[in-house]
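What follows is a single structure, written as structure tokens, with notes after it.
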Amino acid sequence: MPSTTTVIVGAGHCGLAISHCLAARSIDHVVLERAEVANSWRTQRWDSLRLLTPNWMTRLPGYGYRGDDPDGYLSAREVAAMLEDYADTSAAPVLTSTTVTSVRAAGGGYLVRTDQGIWRAPTVVLASGAATVPAVPALARLVPAEITSVTPAGYRNPGDLPPGGVLVVGASASGVQLADELHRSGRAVTLAVGEHVRMPRTYRGRDILWWLDASGVLDQRYDEVDDLVRARNVPSMQLVGSPGRTVDLNALSSAGVRLAGRLAGIQDGVAQFSGSLPNVCMLADLKLGRLLNTVDAWAGAAGERFAPTVVRSTPLGLDLRSGEISTIVWATGYRPDLSWLDVPVLDRKGRVVHDGGVTACPGLYLIGMPFLRRRKSSLIDGAADDAAELTTHLAGYLDALAGRRERSAS
Ligand SMILES: Cc1cc2nc3c(=O)[nH]c(=O)nc-3n(C[C@H](O)[C@H](O)[C@H](O)COP(=O)(O)OP(=O)(O)OC[C@H]3O[C@@H](n4cnc5c(N)ncnc54)[C@H](O)[C@@H]3O)c2cc1C
């Protein structure tokens, strides 16, 4: 049975970042990847997707953007190529086409079972992704059979969908981007809007992410926030990777996208929307104002403010059997898939309980989850700091383990 010091599960940017940090400390390890490096960017992204983070933010341990367009936004294919290059230049020990089927504690370490054999290691890092499977609400089962349901992970382009109108459920990054794309392709689009994070692409002449980065907003730590559970569940920002272009609800509704409230139920084939959209939008406007105040306080000068979100009359019901809607896009988020984890660190909802990526099972770590250690943890740019700190913890654990073994041997 092969053994190593650390098994990393997953060769996305997080697994590769941890690998880079372990290599810098000469900690022997292997990265087990069920498909290829950057699998999620190759298989789970739609054709037109570009990062919503600018190129200069595509930073990883020992890696910075080297192209000639620092303010542009990488396509999914470019992200995959960048990660492939990162894995090569880091000489990351990745074993591709190796699916981890279980991880369990054994003999003071872990047995990692894969479809290619079993590994033994005292430490394991779970880097298998926070967005592995689409999170579709249970009410989706009530959708009439004639309607096509897709998720952002399966959607590729407007031409893939049957002719007809589209209901996009969810107005975070994926939802607003897909509503925008489908509307531009000539479809009639209804967007069901729940809680969302309104964000202008540009603020005071710079990309909003420049301000959030420079002012330290993205560096806010997990042990500094009042309500960490809430912070970890904040939806993604309404941004699209297109220079200077804002895709907030005002932009979409002015272009002709019909707004509706949160999809609250489906009864007898009729989609029912919440009537609270004006309040939800008011809250999003308020939070944007607060965020800009924070940025202004850092900058020492006040910037522009954006017009409140305009909500005209919104439908409370939409008959899904009328023929008006042919497709529903469930842009309702994603969740991790850790069904193969056979270690008692999961809560009732199947989420790993952890303290900044350190689990209660010694030697078992987690990376890549929202607000793992910082607000930016869910972004590519967040992996460097998280990976460095988790590697420090892991190295300390190995030292302590070695010390215990030496003492018991003497
Ligand atoms: C639609 C979308 C757009 C995004 N846009 C941006 C953006 O603009 N900017 C930004 O910074 N971030 C963005 N993100 C967030 C984040 O960067 C990505 O989710 C990123 O892919 C997460 O990296 P990761 O390494 O944690 O996980 P992943 O990239 O998901 O990598 C996990 C790897 O683990 C492998 N794996 C899973 N299970 C197993 C198993 N059992 N055995 C072996 N291997 C396994 C998978 O095949 C995969 O390769 C976006 C996310 C999504 C979903």
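Within region 60-81, residues that are under 19 Å from SER378 (Cβ atoms) sit with their Cβ atoms under 8 Å from residues that are in a strand (DSSP E or B) and modelled with pLDDT of 95 or more, at 6+ positions apart or across chains, in these pairs: TYR73/ARG50; LEU74/ARG50; ALA76/ARG50.
Each residue in region 3-21 was checked for being near the ligand (Cβ under 9 Å from one of its atoms) and part of a loop (DSSP other than H, G, I, E, B), and 3 pass.
Is it the case, given these coordinates, that VAL168 is touching a Leu at 6+ places or on another chain (Cβ under 8 Å) and either at negative phi or touching a residue at least 40 places away in the same chain (Cβ under 8 Å) (or both)?
For VAL168, the condition - touching a Leu at 6+ places or on another chain (Cβ under 8 Å) and either at negative phi or touching a residue at least 40 places away in the same chain (Cβ under 8 Å) (or both) - is met.
Give the residues of region 40-54 that are in a helix (DSSP H, G or I), in contact with a helix residue (DSSP H, G or I) (Cβ under 9 Å, 6 or more places away or on another chain) and more than 7 Å from the ligand (Cβ to nearest atom), sorted by residue number. Hit for region 40-54 is ARG42, nothing else.
Here GLU389 clears all of (1) more than 30 Å from ALA271 (Cβ to Cβ); (2) modelled with pLDDT under 95 except the condition numbered (2). Here the condition is being outside the structural domain of ALA173 (by TED's automatic domain parsing), more than 12 Å from the ligand (Cβ to nearest atom) and on the phi > 0 side of the Ramachandran plot; of GLY117, GLY67, it holds for GLY117 alone. Taking each residue of region 15-42 that is among the charged types (D, E, K, R) and looking for partners that are near the ligand (Cβ under 7 Å from one of its atoms) and part of a loop (DSSP other than H, G, I, E, B) with beta-carbon atoms closer than 7 Å, six or more apart or interchain, yields GLU33/GLY10; GLU33/ALA11; GLU33/THR98; ARG34/THR98; ARG34/THR99.
The residues of region 175-224 that are closer than 27 Å to PRO158 by Cβ, assigned to a helix (DSSP H, G or I) and either free of Cβ contacts under 8 Å to residues at least 60 places away in the same chain or in contact with a Pro (Cβ under 9 Å, 6 or more places away or on another chain) (or both), listed by number, are GLY175, GLN177, LEU178, GLU181, LEU182, ARG184.
Does ARG230 meet the test of being farther than 29 Å from GLY186 by Cα and outside any strand (DSSP E or B)? Answer is yes for this residue. The residues of region 360-410 that are among the hydroxyl-bearing types (Ser, Thr, Tyr), within 16 Å of the ligand (Cβ to nearest atom) and over 30 Å from TYR73 (Cβ atoms) amount to a single one, TYR365.
Considering only region 167-189, I want to know if a residue exists there that is closer than 18 Å to ALA331 by Cα, in contact with an Asp or Glu (Cβ under 8 Å, 6 or more places away or on another chain), modelled with pLDDT of 95 or more and of a type in the set (A, V, I, L, M). Scanning region 167-189 turns up at least one residue that is closer than 18 Å to ALA331 by Cα, in contact with an Asp or Glu (Cβ under 8 Å, 6 or more places away or on another chain), modelled with pLDDT of 95 or more and of a type in the set (A, V, I, L, M). Consider region 55-64 and keep the residues that are within 11 Å of the ligand (Cβ to nearest atom) and not in a loop (DSSP other than H, G, I, E, B). The one that is surrounded by the most Cβ atoms within 10 Å (Cβ to Cβ) is MET57.
Out of VAL30, VAL37, VAL79, one residue alone is assigned to a strand (DSSP E or B) and either surrounded by 17 or more Cβ atoms within 10 Å (Cβ to Cβ) or in the same structural domain as LEU218 (by TED's automatic domain parsing) (or both). It is VAL30. Does region 235-268 hold any residues that are farther than 18 Å from VAL311 by Cβ and either surrounded by fewer than 16 Cβ atoms within 10 Å (Cβ to Cβ) or basic (Lys, Arg) (or both), and which are they? Matches in region 235-268: PRO243, GLY244, ARG245, GLY265, GLN267, ASP268.
Being among the small types (Gly, Ala, Ser), in a loop (DSSP other than H, G, I, E, B) and more than 14 Å from the ligand (Cβ to nearest atom) is true for just one of ALA131, ALA91. Which residue is that?
Values: ALA131 fails: more than 14 Å from the ligand (Cβ to nearest atom).
Being among the small types (Gly, Ala, Ser), in a loop (DSSP other than H, G, I, E, B) and more than 14 Å from the ligand (Cβ to nearest atom) holds for just one of ALA131, ALA91, which is ALA91.
The values are calculated or read from the model by the stated rules, or taken from the named source; none is laboratory data. Computed from a predicted structure; not experimentally measured. Neighbour counts are summed over all protein chains in view; Cβ atoms, including those assigned to glycine, are modelled from backbone coordinates with ideal geometry.
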